[in-house]
Amino acid sequence: MLGWILRGALTLVFLALCAGGGLLAVLWHYSVGLPDYQQLADYQPPTMTRVHAGDGRLLAEYAIERRVFVPIGAMPALVIKAFLAAEDKNFYSHQGVDPAGIVRAAIQNLANLGRNKRPSGASTITQQVAKNFLLTNELSIERKVKEAVLAFRIERALTKDRILELYLNEIYLGQSSYGVAAAALNYFNRSLDELTVGEAAYLAALPKAPNNYNPNRDPERAKGRRDYVIERMVEDGYITAEVADAAIAEPIELRRRDPEELVRADYFAEEVRRELFARYGEAGLYKGGLSVRTTLEPKLQAIADRVLRDGLIAYDRRHGWRGPVRKGVNPAEWAQSLSALAVPHGAATWQLAAVLKLDGDGADIGLKSGERGRVPFAELSWARPWLPDQRVGASPRKPADVITVGDVILVEPVAASADGKTKYPAASYALRQIPEVAGGLVALDPHTGRVLAMTGGLSYEISQFNRATQALRQPGSSFKPFVYMAALDSGFTPSTIVLDAPFVIDQGPGLPKWKPMNFENKFYGPTPLRVGVEKSRNLMTVRVAESIGIDKVASYAERFGVVDHLPRYLSMALGATDTTLLRMTTAYAMIVNGGKRIEPTFIDRIQDRQGRTILRHDRRNCVGCSPLVWDHSAAPELPDERSQVVDPRTAYQMVSILQGVVERGTGYVISAALKRPLAGKTGTTNDSNDVWFIGFSPDLAVGIYVGFDNPRSLGGSNQDTGGGVCAPMFRDFMAEALRDVPAIPFRIPPGVRLVRVNPETGHLAQAGDAKVIYEAFKPGTEPRLDGATGASYGGAAGAAPTTQSLDGLY
C-alpha cells in the first residue's frame with residue numbers, strides 16, 4: 001500500500017515538473033522577440049497642445065490624440081479609486097497578473113455559458129498597459145501569454161505609480177478622449193478634481209467598451225455600468241454606502257464646454273500654430289503637450305472682428321448690389337429648396353430666405369427655418385446695381401428693381417431703420433450681401449510688441465489667407481512718416497517751408513518722365529512741412545526725399561522694419577514698395593513709444609508638458625520677482641533693454657504731426673467723433689487699389705488695411721481712400737477699445753521745446769491768429785519773430801538764421 005502511495009506521489013511530482021517545464025517552455029517561446037518594455041520608463045504619451053488667450057480662456061487645441069497629461073501625483077484619489085475598483089482591485093498587491101482574478105473570471109464565464117454574454121476578462125492594469133503600448137488588440141491565446149510575460153517584466157522595471165500613470169493617461173475613453181483628464185473635460189466640462197463620485201465612476205466604466213455606454217444612445221446601459229462601478233467602490237471600502245446611494249441616484253448629465261470658456265480668433269490662432277510648428281516641428285506641436293499663453297485680449301479681438309466686418313460691409317453696400325445667392329426657386333416649394341441649400345461662408349448670423357411676393361412697400365419672404373417675414377423697401381433701397389470699376393447704377397424706386405420672386409437672398413432681422421427713426425413690425429428683415437472686398441486689422445501694445453488682437457479677413461471660412469501678416473501690399477501715403485522723420489533728423493523742422501509744385505524726373509532713354517501728383521491734382525505752393533503730412537501732399541514728400549537722399553529714407557524704412565530692403569528709387573517715398581499690415585503697425589508703434597525697438601509677438605509664454613517654461617517673450621531678468629508673498633517692499637524695477645531706433649525727440653515730433661493728421665488732416669473723421677489724443681496716417685495707393693490707416697493712442701497701436709485679394713481699384717471717390725474707408729474703422733475701434741480708459745496726452749521726452757505757432761504758416765503765433773498749436777522743436781530750431789529759425793537745411797543747429805524754404809529744381 002505504501003508503495004502505491006509513493007509511486008502515486010512520484011507520478012504527481014513528475015507530472016507537475018512536466019507541466020512546469022511545459023509552462024516555462026511556452027513562456028520562453030512567447031517571450032522571444034517581445035517588444036522592449038524598458039522604453040516605458042521614459043515614455044511620454046502624445047499629448048494635446050493647448051493655446052490660451054491672455055485671460056486664460058481656451059483659444060485652440062492641436063493634437064493627433066486629444067490627451068491632457070496629468071502626473072500621478074496630481075491625479076485625484078477619487079479617480080484612482082474608481083478605476084482600481086472597476087479594473088484591478090488588487091493592483092497594488094499582484095505582480096502583474098492576478099491569479100485570484102483569473103479564477104474569478106473563469107468561474108463567472110462558466111456560469112455564463114449559453115447566456116450569449118461576452119466572456120469576462122481578468123487582465124490587470126499592468127496587462128492593459130502591455131497591450132495598449134506594446135501589443136495589438138488581437139483576441140488570441142498567444143497575445144494573452146505575451147501580455148502576461150510583459151506584465152511580469154513591466155512590474156519589475158517600473159513602480160506601481162508609474163504603471164498607473166501610464167494607464168490613466170493613455171487609455172481611450174470615447175468622445176475622442178485619450179486619458180482621464182481629456183475625458184473629464186469632454187464628457188463633463190470639469191477638471192479631474194471637480195468630478196463627483198458618479199462622474200468618476202462613469203469614466204471608470206468606459207475602458208471596456210466606451211461606445212457601448214454612451215448615455216445619449218443607451219442611457220440605461222450606461223447607468224447600469226456606472227452603478228456597478230459605484231457598488232465595487234463600496235465593496236472595496238473606497239466610499240460609504242450612503243455616498244454610493246447618493247451617487248447612484250444622480251442621472252448621468254453630459255455637459256459641453258460653455259461658449260464663454262472659449263475664444264474665437266481663427267486668424268490669430270493660425271498665426272500661433274505656424275510659429276509653434278516652425279519652432280517645435282509637427283511632433284512638438286501635435287504631440288508635445290505644450291501649454292501656450294498668447295497675447296490675445298478677447299475683448300479687443302471681438303471689437304476688431306466686429307469693426308472690420310462692419311467696415312467691409314459698409315464699403316460693399318456703397319458699391320452696389322451684385323445679385324441674389326440663387327435665382328429661379330419655385331415659390332410653391334420654397335421650404336424644400338431652402339432646406340437643400342447651405343448658408344454661404346461668411347454669412348455669420350444672416351439667414352437664407354426665398355422671395356415669395358413683391359409689392360410697392362417691400363417683399364414677403366420665407367426663411368430656411370420655415371418661418372415667414374418681410375423686407376421693407378427701406379431695407380432694399382441701398383441696393384443700387386453694381387457696375388464695373390466699382391461704380392453703381394441708379395437708385396431703386398421699387399422692390400422689383402432689386403429682387404424678383406424666386407430669388408434666394410441673405411437677410412438679417414431688424415427692428416428699426418438704420419437712423420432709428422422708423423420702427424418696424426415683428427419679423428422684419430434687411431437685405432444683406434457678403435462683401436467681395438477683404439482687409440485686416442492689427443492692434444498691439446506699442447511698448448512691448450504684444451499683439452492684442454488681429455483679424456485677417458471677413459471670415460476664416462471664406463479664406464485662410466491672412467491679410468494682416470501674409471498680404472504684401474503697397475502702403476501708399478502711410479509710408480510718409482518715415483520720409484519725414486529722416487528729414488527731421490536732417491535739419492528740417494515741422495515748420496520748414498517746402499514747395500508744393502510740379503515735379504518731373506527724366507527716368508532715362510525710352511522711359512516716360514515721372515510726374516507725381518497730389519491726390520487732388522492741385523498745387524498749393526510753399527507749405528509748412530507739418531501741413532504736407534496732415535494733408536498728405538505727394539509733391540512735398542518727393543521733394544523732401546530728393547533733398548535728403550533716398551538712401552537716408554531707405555535706412556529709416558529698414559530701421560523701423562517696414563521692409564528688409566527698400567529699392568533706391570524716389571517713387572519709394574510715396575510708399576511704392578510692398579509690406580504687410582503687421583510690419584506697418586509695428587513701425588508706427590515704435591514712433592509712439594519714443595523710438596524704441598520692439599518685435600511683434602503673439603506668444604507670451606510656452607510651457608512643456610511638465611510645466612517648465614521653455615519660452616518667454618519678455619526675457620528681462622527681474623531681480624526680486626520670485627517671492628510668493630509680498631513683504632511690503634518696493635516693487636522691483638525692470639530694466640529697459642530696448643534699443644533706440646530714432647531720436648526720441650524726432651519720434652515725438654512725428655507723433656505731434658500725426659496728431660495733426662487726425663485733428664486737421666485726412667483723418668479728421670476720427671477727431672470729429674473722439675475727443676482724446678489720437679494720431680495716425682492715411683494711406684491710398686494709385687487708383688485706390690489699397691487703402692490704409694495706421695494710428696495710435698499713447699498705449700495702443702492699431703493698423704487697418706482694405707483691398708481686393710486680386711488687386712483692383714476700390715473706386716474713384718474720396719470715400720474710397722484711406723480716410724474714407726479705414727479711418728472710420730479706426731475711429732470705431734478706438735471708441736470702443738478705449739471707452740473705459742482715461743484719456744492721457746502723448747508723452748513728451750526731455751529736450752523738446754513747445755512753441756506756439758500758426759500751423760498754416762509755420763510762423764510764431766501772432767495776436768489775432770485763428771489757429772494756433774504748440775509745435776515741437778529741438779533746441780535751437782525754433783522759429784523767431786522775424787519768421788526765421790535757428791537752423792537751416794544743410795546747416796548745424798545754431799547756425800545763422802535763415803528762412804526754411806526748399807524750392808526744388810523742377
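The values are calculated or read from the model by the stated rules, or taken from the named source; none is laboratory data. Values in this document were obtained by computation on a predicted structure and should not be read as measured data. Note: ideal-geometry Cβ built from the backbone for every residue, glycine included; neighbour counts use all protein chains shown. These area figures cover heavy atoms from the full protein model, side chains too; ligands, DNA and RNA do not enter into them. Shrake-Rupley method; radii C 1.70, N 1.55, O 1.52, S 1.80 Å.
How much of the accessible area of the chain, probe 1.4 Å, is carbon plus sulfur, in whole percent? Here it works out to 54 percent.
Estimated at the nearest 10 Å², the accessible area of Y167 is 0 Å² with a 1.4 Å probe. With every protein chain left in place and a probe of 1.4 Å, what is the accessible surface of T493, to the nearest 10 Å²? Looks like 0 Å² after rounding. The A241 and N90 beta-carbon pair, evaluated with R₀ = 22 Å, returns a calculated FRET efficiency of approximately 0.50. If you take all other residues with their beta carbon under 15 Å from the beta carbon of L570, and give Lys and Arg +1 and Asp and Glu -1, the sum is +3. For the chain, the per residue solvent-accessible surface stands at 47 Å², with DNA, RNA and ligands left out and a 1.4 Å probe. In percent, rounded to a whole number, the relative contact order of the chain is 11, using alpha-carbon pairs under 8 Å and six or more apart.
Rounded to the nearest 500, the 222 nm mean residue ellipticity of the chain from helices alone is -10000 deg cm²/dmol, with -39,500 (n - 2.57) taken per DSSP H run of at least 4 residues. Angle of helix 125-134 to the longest C-alpha principal axis of the chain, folded into 0 to 90 degrees and rounded to 10: 60°.
Seen against the Cα atoms of the chain and their longest principal axis, helix 298-318 is set at about 50 degrees.
Once you order the gyration tensor axes a ≥ b ≥ c over the Cα atoms, which shape class does segment 487-565 get: rounded for a/c under 1.5, otherwise prolate or oblate by comparing a/b with b/c? In terms of gyration-tensor shape, oblate. Among 168-178, 719-729, sorting by the average number of other beta carbon atoms lying within 10 angstrom of each residue, highest first, gives 719-729, 168-178.
Other residues within the sphere of radius under 10 Å centred on the Cβ of I614, judged by their own Cβ, net out at +3 (K and R +1, D and E -1). Relative to the longest principal axis of the Cα atoms of the chain, helix 266-287 runs at roughly 40 degrees.
Pairs exceeding 25 Å between alpha-carbon atoms, taken from K596/K771; K480/K596; K596/K778; K131/K287; K552/K778: K596/K771.
When the residues D489, D687, D401 are ordered by accessible surface, computed with a 1.4 Å probe over the protein chains alone, the sequence from largest down reads D687, D401, D489. When both bridge partners sit in the chain, DSSP labels roughly 85% of those beta bridges antiparallel.
In this simple spin-label approximation, A249 and V752 carry label points 7 Å from Cα along the Cα→Cβ vector, and these lie 7.1 nm apart.
Other residues within the sphere of radius under 11 Å centred on the Cβ of F377, judged by their own Cβ, net out at -1 (K and R +1, D and E -1).
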